Amino acid sequence: MAIKIIKNGILENIEERKDARKKVDEFQAIMADCQTMDATFRASIQNVSSAGIFIKTSRKLSIGQEIAITFTFPRTRQTIMVNGEIVRLTRNGAGVKIKMFFKE
């Protein structure tokens, strides 16, 4: 949901989120193993929250497509597996809504 506020005399759009999103450090990229019904591929994670992930990929994906993603956080070495659904597409990648989390 977008709301408009005036800050220092400038009208801005601010997007409210239920879950805080963590932007991934570009110098310590998190690579993900991704699997759809059509393909298996690797993609870099741009940001992650408890509700979703944005993956950078040039793969042709579709809104509503199911995807499984496995990745490891570099600092903690914790491996996360998620099942999700593609909910947003941009020229840079795809937004994935997480349906189920698994931890190793």
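Determine, for VAL87, VAL48, VAL82, the number of other Cβ atoms within 10 Å of each Cβ, and report the residues in order from fewest to most.
VAL87, VAL82, VAL48
Relative to a virtual label point 7 Å from the Cα of MET37 in the Cα→beta-carbon direction, which members of segment 61-76 show backbone nitrogen distances below 16 Å?
Within reach of a label on MET37: 61-68.
Rounded, prolate or oblate: which fits segment 19-103 when a ≥ b ≥ c are the square roots of the eigenvalues of the alpha-carbon gyration tensor, with rounded for a/c under 1.5 and prolate only if a/b beats b/c?
Verdict is rounded for segment 19-103.
Subtracting the Cα-Cα distance from 0.36 nm times the residue separation, let me have the gained length for LEU89 to LYS60 in nm, one decimal.
Residue separation times 0.36 nm, minus the Cα-Cα distance, leaves 9.5 nm.
Every read-out reported here was derived from the displayed coordinates using simple, explicitly stated rules and does not represent laboratory data. Fair warning: this is a prediction, and the values are worked out from it, not measured in the lab. Positions of Cβ are backbone-derived with ideal geometry, glycine not excepted, and every protein chain shown enters the neighbour counts.
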